[in-house]
Amino acid sequence: MVTTADEVLQKFEAPHRIPAEIYTNAELYERELNKFFYGRHWCYVGLEAEVPAAGDFKTTFVGERGVIMTRDAEGSVNVVENRCQHKGVRLLQSPFGNVKRLVCPYHQWCYKMNGTLIGVPYRAGVQGQGGYPADFVLKEHSLGQLKVARYNGIVFATFDDDTPSFPEYLGSAIEPYFKRTFHGRPLKVLGYNRQRIRGNWKLMHENIKDPYHPGLLHAFFITFGLWRPDQRSRMVTDALGRHACMISARNYGGRNEEVTGGISSFKEGMQLADARIIDVVKEDWWGDHTVVMQTIFPSVIIQQQVNSLSTRQIIPRGPGQFDFVWTHFGYEDDSAEMTTRRLHQANLFGPAGYVSLEDGEVIEFSQQSHETYVCGQSIAELDGRGTGPAEHMVTETLIRSMYRYYLDVMRGQHAAD
Amino acid sequence: MQRTEDVELYLAIAETYQAYADCMDQGQLDQWPGFFTEHGVYKAQARENFDRGLPLAAIACAGRGMLEDRVFVISKVMVYAPRYLRHILGPPRILSRTQNEVRSQGSFCIYQTLAHRPTELLSVGRYQDRISLEDHERLKFRERLAIYDSLLIPNSLVFPL
């Protein structure tokens with residue numbers, strides 16, 4: 001017998017004990033798409049620097065749905081459904097490009113860059129025959145237009161016009177950190193990495209709301225002092241618990257008995273033959289922090305790991321897998337040395353990254369069990385069973401905070417529902 | 001290719017390509033940096049980045065030190081599911097040649113086999129190389145770009161392509 005979404009949620013009594021079926025249940029997954037990705041939430045679409053000129057477009061996904069980000073002649077950024085209103089044809093296939101108008105290849109319905117339908121062939125018929133009825137109004141068949149939020153060069157969109165303003169959505173606790181990276185200097189795209197991770201999309205959020213694991217799983221981080229529990233750190237979440245920031249200040253690695261003693265992954269004496277990969281140079285905008293990892297629920301992670309910056313978009317592809325799209329970027333006025341530095345440090349991240357590869361692997365290992373031991377559960381009780389912020393990294397509070405919010409929304413007990 | 005010398009060079013390049021693939025397929029990762037010159041560059045780069053002139057690569061090593069560090073991290077540091085690789089190579093083509101350097105390219109198709117799972121296609125693409133002719137003992141890569149068409153990587157890219 002198939003377990004229903006409500007039965008799974010019923011088992012999910014409290015956010016510190018997470019039933020395996022939330023990672024595998026198909027009905028639950030459909031509800032997540034509708035509530036989070038297609039509901040009253042802002043989802044990541046891209047960077048304005050990806051569509052700098054009039055006519056530029058980028059095709060991407062919000063949830064599983066194809067969308068197009070466009071730049072129109074007035075300089076506005078639009079996000080429209082990548083779906084012709086006539087027969088549902090995906091209008092654009094290329095990831096990036098430049099067009100004058102959005103024209104469907106099938107019957108050449110023609111839309112402006114903002115999605116307005118401006119022409120259909122044979123509207124008045126041919127030689128007095130056929131054509132559309134007199135009451136067929138073009139603008140009533142425009143592309144679905146998503147509400148757009150632009151924030152210092154990064155673009156989000158939502159299918160629900162009632163979603164609150166983007167700053168309100170981030171919340172006052174998160175926005176300062178968001179604004180820290182996106183502070184207004186024009187961005188420069190350095191390139192993309194794409195991977196399909198065979199795990200549920202929420203596992204990626206858990207990973208970046210989990211300051212417990214980097215000092216254990218990621219030998220590279222702990223050995224070179226890029227992230228470890230004896231660093232000054234802070235875990236921030238918004239009032240609803242859905243977004244989070246993991247913030248830390250780097251120390252200099254090496255041995256600290258309390259932290260590295262008994263940790264098999266700590267490699268004392270590990271030396272790099274070429275240290276350029278950890279040639280960290282402080283940037284003016286950092287303040288006291290060397291690492292700020294933000295999870296902006298439900299669709300993106302914003303990475304600042306010393307000089308390496310990326311957005312990591314989550315595109316769910318069914319309950320058991322998601323695409324993880326990394327857009328590495330810097331600032332337009334970066335020196336050539338800084339760009340090179342960001343690119344060297346990028347070796348730590350992405351599908352081949354010294355640390356990120358490990359995250360993809362362990363997420364897959366988790367999913368493999370969740371799909372077979374369906375009565376299993378995950379435990380999130382480090383630092384108690386409560387939710388909210390913390391001033392250290394020996395905690396799973398951010399995971400619990402997310403699932404508190406998740407349960408409220410999924411059970412229909414939240415205003416964002 | 002008319003002269004014997006050209007034929008010999010072509011065969012030496014083909015042999016180098018095959019030796020590189022065998023090295024990876026046999027899991028002899030420690031020998032990988034030896035295929036490069038002292039300042040040799042290796043990149044595994046998505047074709048979309050290459051074609052658009054975007055510099056990001058999934059793996060980017062500049063010089064022997066970085067190549068050796070990559071080997072060390074893969075062999076001794078990183079956590080991942082063990083796997084076999086199998087390279088199927090197309091024949092190389094020489095694009096141009098000067099006194100001390102050859103530019104060549106060739107297609108690759110790399111399968112990956114993990115325990116408890118059928119073999120899967122990891123990546124297809126092409127090598128685009130600059131090969132040094134200065135070392136008379138052995139051809140070495142000044143630059144080896146593994147430009148992959150398979151943009152969506154099946155989770156992890158553990159080993160260099």
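The values are calculated or read from the model by the stated rules, or taken from the named source; none is laboratory data. The structure displayed is predicted, hence computed values, not measured ones. With ideal geometry, Cβ positions are generated from the backbone for all residues, glycine too; neighbour counts draw on all protein chains shown.
Some points to look at:
- Flag if A:Phe57 is surrounded by 21 or more Cβ atoms within 10 Å (Cβ to Cβ) and in a helix (DSSP H, G or I): no
- Verdict on A:Ile314 being farther than 18 Å from B:Asn49 by Cα, modelled with pLDDT of 95 or more, out of contact with any Phe, Trp or Tyr (no Cβ under 8 Å at 6 or more places or on another chain) and β-branched (Val, Ile, Thr): no
- Among the criteria (1) on the phi > 0 side of the Ramachandran plot; (2) more than 14 Å from chain B (Cβ to nearest Cβ); (3) modelled with pLDDT of 85 or more, the one A:Gly254 does not fulfil is (3).
- Exclusive hit being within 23 Å of the chain's Cα centre (by Cα), buried (at least 17 other Cβ atoms within 10 Å of the Cβ), farther than 16 Å from A:Arg65 by Cβ and at pLDDT 95 or above, set A:Ala149, A:Ala157: A:Ala149
- Candidate set: the stretch B:35-79, residues that are more than 20 Å from A:Asn193 (Cα to Cα), out of contact with any Gly (no Cβ under 8 Å at 6 or more places or on another chain) and in contact (Cβ under 8 Å) with a residue 40 or more places away in the chain; chosen: the one farthest from the other protein chains (Cβ to nearest Cβ): B:Phe35
- You will find that of B:Asp69, B:Asp30, the residue that is more than 16 Å from B:Asp129 (Cβ to Cβ), in contact with a Ser or Thr (Cβ under 9 Å, 6 or more places away or on another chain) and not in a strand (DSSP E or B) is B:Asp30 and no other.
- Per the conditions (1) crowded, with 23+ Cβ neighbours inside 10 Å; (2) under 26 Å from A:Asp238 (Cβ atoms), the sole criterion not satisfied by A:His289 is (1).
- Residue match in the stretch A:336-359 (condition: loosely packed, with under 15 Cβ neighbours inside 10 Å and at pLDDT 95 or above): yes
- Sole residue being surrounded by fewer than 22 Cβ atoms within 10 Å (Cβ to Cβ) and either of a type in the set (Val, Ile, Thr) or assigned to a loop (DSSP other than H, G, I, E, B) (or both), chosen from A:Gln85, A:Gln10: A:Gln85
- Residues being farther than 13 Å from B:Ile13 by Cβ and either free of Cβ contacts under 8 Å to residues at least 24 places away in the same chain or within 14 Å of chain A (Cβ to nearest Cβ) (or both) - total across the stretch B:91-109: 3
- Residues (part of a loop (DSSP other than H, G, I, E, B) and under 23 Å from A:His392 (Cβ atoms)) located in the stretch A:283-324: A:Gly287, A:Asp288, A:His289, A:Thr290, A:Phe297, A:Val306
- Every residue from the stretch A:325-366 that is closer than 22 Å to B:Arg117 by Cβ, assigned to a helix (DSSP H, G or I) and at the interface with chain B (Cβ under 10 Å from one of its Cβ atoms): A:Ser356, A:Leu357, A:Glu358, A:Asp359, A:Gly360, A:Glu361, A:Val362, A:Ile363, A:Glu364, A:Phe365
- Here A:Phe96 fulfils each of the conditions (1) surrounded by 13 or more Cβ atoms within 10 Å (Cβ to Cβ); (2) of a type outside the set (D, E, K, R); (3) more than 14 Å from chain B (Cβ to nearest Cβ) apart from (3).
So that you can scan it fast, the table gives a plain yes or no per residue for (1) surrounded by fewer than 21 Cβ atoms within 10 Å (Cβ to Cβ); (2) within 13 Å of chain B (Cβ to nearest Cβ); (3) at pLDDT 95 or above; (4) under 22 Å from A:Leu343 (Cβ atoms):
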| residue | (1), (2), (3), (4) |
| --- | --- |
| A:Gly199 | no, yes, yes, no |
| A:Tyr212 | yes, no, no, no |
| A:Phe220 | no, yes, no, yes |
| A:Ser233 | no, no, no, no |
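- Counting residues in the stretch A:28-51 that are in contact with a His (Cβ under 9 Å, 6 or more places away or on another chain) and crowded, with 19+ Cβ neighbours inside 10 Å gives one or more.
- Candidates A:Ser378, A:Ser369, filtered to the one that is among the polar types (S, T, N, Q), assigned to a helix (DSSP H, G or I) and touching a residue at least 24 places away in the same chain (Cβ under 8 Å): A:Ser369
- Residue count, the stretch A:117-146 (criterion: surrounded by fewer than 17 Cβ atoms within 10 Å (Cβ to Cβ), free of Cβ contacts under 8 Å to residues at least 60 places away in the same chain and within 23 Å of A:Gly75 (Cβ to Cβ)): 2
- Here the condition is being of a type in the set (Gly, Ala, Ser), surrounded by 15 or more Cβ atoms within 10 Å (Cβ to Cβ), away from chain A (no Cβ under 14 Å) and touching a His at 6+ places or on another chain (Cβ under 8 Å); of B:Ala21, B:Ala14, it holds for B:Ala21 alone.
- Subset of the stretch B:80-90 that is among the aliphatic types (A, V, I, L, M) and surrounded by fewer than 19 Cβ atoms within 10 Å (Cβ to Cβ) - its residue that is nearest to the other protein chains (Cβ to nearest Cβ): B:Ala81
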